[in-house]
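A quick write-up on the structure given underneath.
The values are calculated or read from the model by the stated rules, or taken from the named source; none is laboratory data. Computed from a predicted model, the values in this text were never measured in an experiment. Here the Cβ is made from the backbone with ideal geometry for all residues, glycine too, and neighbour counts use every protein chain on show.
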Amino acid sequence: MTRVLSLHGRSWHLACNLRRALFVLALGPLCLEARAAPAPSEASAQAPAPSVLFARACDALEAGDLDGAASHILTLRQSLPERPEPRLLESLLALRRTRPSLGWHDAFTQAWNGIGRPDFSESPLLPEEEEPLATGPGPEEVWKQELSAEQRFVVALSMPLDAERARALIQHIPVVTLPELLVPIAEYIERDKLPAPMRAQLRTTLRARLAALSTNYPESMQLRALLLLEGTDSQAPFTAREIQELEALSKLSDWRQSDFVSLNGYALRHFEATGISRPENHAYTVAVMALVSPVPWLLQKRTEASRDTLTPTERQRLGEALWRIGSRLSEESSIVERLVGLNVMKKAATELGDEERLRQATERSTDSRASYAAWQSAVPHRWPLPSLRKEMIESSMRDEVAHMHAFRAPEANKQ
């Protein structure tokens with residue numbers, strides 16, 4: 001079994017692709033700034049290329065110059081009568097005229113659905129995804145500067161771990177207040193690059209803080225699961241004591257304590273204070289890492305290792321605990337957590353031999369993947385409309401699952 005969601009040298013396929021796509025969504029080659037249209041003298045020298053007309057139409061829509069946008073769209077449609085991009089712009093234009101209060105997010109999805117939901121992922125008109133230019137020092141340069149302990153902790157989370165950065169983590173872990181920031185540290189410890197004494201010290205410090213925060217947040221399922229499973233052998237069968245603890249924690253009400261907006265905002269404030277280049281990029285990385293817990297993978301691997309060692313009753317108890325944990329995780333707002341939680345539910349149903357629950361979890365997983373695929377097909381992050389990008393960012397930050405769900409076919413949303 002491949003570990004689907006794992007950081008730092010392991011394969012976490014969906015999360016990696018999602019993070020890359022959302023980097024473009026959050027930062028974009030335009031960085032939420034409208035581009036200047038070519039000068040009239042350039043246009044008069046020859047007929048404008050379709051890409052130029054497309055850019056001008058988008059710029060006019062963004063600026064609220066609806067008549068100018070209409071002119072460019074008409075010319076673009078005449079030049080490319082078979083392409084769907086001009087038709088979507090035409091639909092957006094109509095909505096800007098008739099429903100100016102409608103947000104860009106809703107207007108885009110309505111227009112896209114209205115023209116038949118074309119696949120824009122290979123569009124020759126949409127700007128290619130580009131790495132944004134540096135605006136300041138990188139992490140290595142920032143690390144050499146005078147930083148507070150908290151700033152150094154946050155910067156260390158975004159960099160490959162070494163002994164110096166491990167010491168920065170150890171120094172600040174005892175006062176960490178956002179429990180989710182301990183999640184990437186649990187992943188760091190699994191690596192073999194640190195000397196054994198340093199890894200042991202980091203683990204001891206981490207576990208002490210996990211224990212303290214578990215007391216502060218008694219309803220946090222993830223904290224107790226991390227405290228139970230962190231550092232255990234993925235091939236070790238579950239013990240009777242561990243199954244009892246899994247049963248207890250599986251009945252807690254919360255998975256995590258902090259929403260994505262809070263995690264991203266916390267990291268962003270500290271990265272901005274360091275003067276680092278593209279602080280949004282690094283903040284987003286840390287926030288995503290804080291969602292990717294090793295707990296689900298360890299649960300599934302150790303469940304497999306326990307098949308031949310548990311009694312039928314113990315297997316039943318373990319399967320039910322896994323189902324509850326996966327169900328709670330699948331209710332979180334990120335698409336990564338949704339899919340990982342559903343994978344845990346599928347594993348639980350398989351271990352229980354419950355075909356009906358397996359069908360339910362599989363259908364929900366298929367549905368969520370379809371939402372993600374639809375979002376990839378519409379590629380809203382590549383359309384050169386800064387207001388659209390901004391609304392898409394805000395929507396995905398608030399509730400990524402609902403954000404991507406909005407791109408499903410209208411008939412699917414009625415189910």
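Of all the residues in the stretch 151-175, those that are buried (at least 18 other Cβ atoms within 10 Å of the Cβ) and assigned to a loop (DSSP other than H, G, I, E, B) number 2.
Answer with yes or no whether E337 is in a helix (DSSP H, G or I), modelled with pLDDT of 95 or more, buried (at least 22 other Cβ atoms within 10 Å of the Cβ) and acidic (D, E). Quick ask: steps written out before the conclusion?
Details: in a helix (DSSP H, G or I): yes; modelled with pLDDT of 95 or more: yes; buried (at least 22 other Cβ atoms within 10 Å of the Cβ): yes; acidic (D, E): yes.
Yes; evaluated as a whole, the condition is true for this residue.
Taking each residue of the stretch 199-216 that is more than 15 Å from G231 (Cβ to Cβ) and looking for partners that are outside any helix (DSSP H, G or I) and of a type in the set (A, V, I, L, M, F, W, C) with beta-carbon atoms closer than 9 Å, six or more apart or interchain, yields L213/V176. Applying the set (1) within 24 Å of the chain's Cα centre (by Cα); (2) in contact (Cβ under 8 Å) with a residue 40 or more places away in the chain to P124 leaves exactly one unmet item: (1). Looking only at the stretch 276-286, decide whether some residue is hydrophobic (A, V, I, L, M, F, W, C) and within 20 Å of S220 (Cα to Cα). No: the stretch 276-286 contains no residue that is hydrophobic (A, V, I, L, M, F, W, C) and within 20 Å of S220 (Cα to Cα). If you go through the stretch 73-95, how many residues are surrounded by 17 or more Cβ atoms within 10 Å (Cβ to Cβ) and either touching a Gly at 6+ places or on another chain (Cβ under 7 Å) or farther than 17 Å from P48 by Cα (or both)? Counting residues in the stretch 73-95 that are surrounded by 17 or more Cβ atoms within 10 Å (Cβ to Cβ) and either touching a Gly at 6+ places or on another chain (Cβ under 7 Å) or farther than 17 Å from P48 by Cα (or both) gives 9. Once the stretch 180-236 is narrowed to residues that are acidic (D, E) and part of a loop (DSSP other than H, G, I, E, B), the residue that is surrounded by the most Cβ atoms within 10 Å (Cβ to Cβ) is E230. The condition (being more than 30 Å from L80 (Cα to Cα) and not β-branched (V, I, T)) is satisfied by just one residue among P139, P118, P124: P139.
Note on the stretch 127-150: among residues that are in a helix (DSSP H, G or I) and more than 23 Å from the chain's Cα centre (by Cα), the one that is surrounded by the most Cβ atoms within 10 Å (Cβ to Cβ) is V142.
Would the stretch 196-216 turn up any residue that is more than 25 Å from the chain's Cα centre (by Cα) and at positive phi? There is no residue in the stretch 196-216 that is more than 25 Å from the chain's Cα centre (by Cα) and at positive phi.
Restricting attention to the stretch 364-415, the residues that are over 16 Å from the mean Cα position of the chain (by Cα), of a type in the set (K, R) and farther than 21 Å from L126 by Cα add up to 3.
Scanning the stretch 69-93 for residues that are in contact (Cβ under 8 Å) with a residue 12 or more places away in the chain, in a helix (DSSP H, G or I) and over 30 Å from the mean Cα position of the chain (by Cα) turns up A69, A70, H72, I73, T75, L76, R77, S79, P86, R87, E90, L93. Listed by first and then second residue, the pairs linking a residue in the stretch 382-400 that is closer than 15 Å to T109 by Cα to a residue that is among the aromatic types (F, W, Y) and assigned to a helix (DSSP H, G or I), with Cβ atoms under 6 Å apart and 6 or more places separating them unless they lie on different chains, are S387/W104; L388/W104; L388/F108; E391/W104. Given the criteria in contact (Cβ under 8 Å) with a residue 12 or more places away in the chain, among the small types (G, A, S), more than 24 Å from V344 (Cα to Cα) and assigned to a loop (DSSP other than H, G, I, E, B), does S277 qualify? Criteria met by S277. The residue that is farthest from the chain's Cα centre (by Cα), among those in the stretch 282-307 that are in contact (Cβ under 8 Å) with a residue 60 or more places away in the chain and not in a helix (DSSP H, G or I), is S306. Would you mind stating whether I173 is under 25 Å from the mean Cα position of the chain (by Cα), of a type outside the set (D, E, K, R) and more than 24 Å from G275 (Cα to Cα)? It is false that I173 is under 25 Å from the mean Cα position of the chain (by Cα), of a type outside the set (D, E, K, R) and more than 24 Å from G275 (Cα to Cα). Report, by residue number, each residue of the stretch 350-363 that is among the acidic types (D, E) and under 27 Å from the mean Cα position of the chain (by Cα). E363, the sole residue that qualifies.
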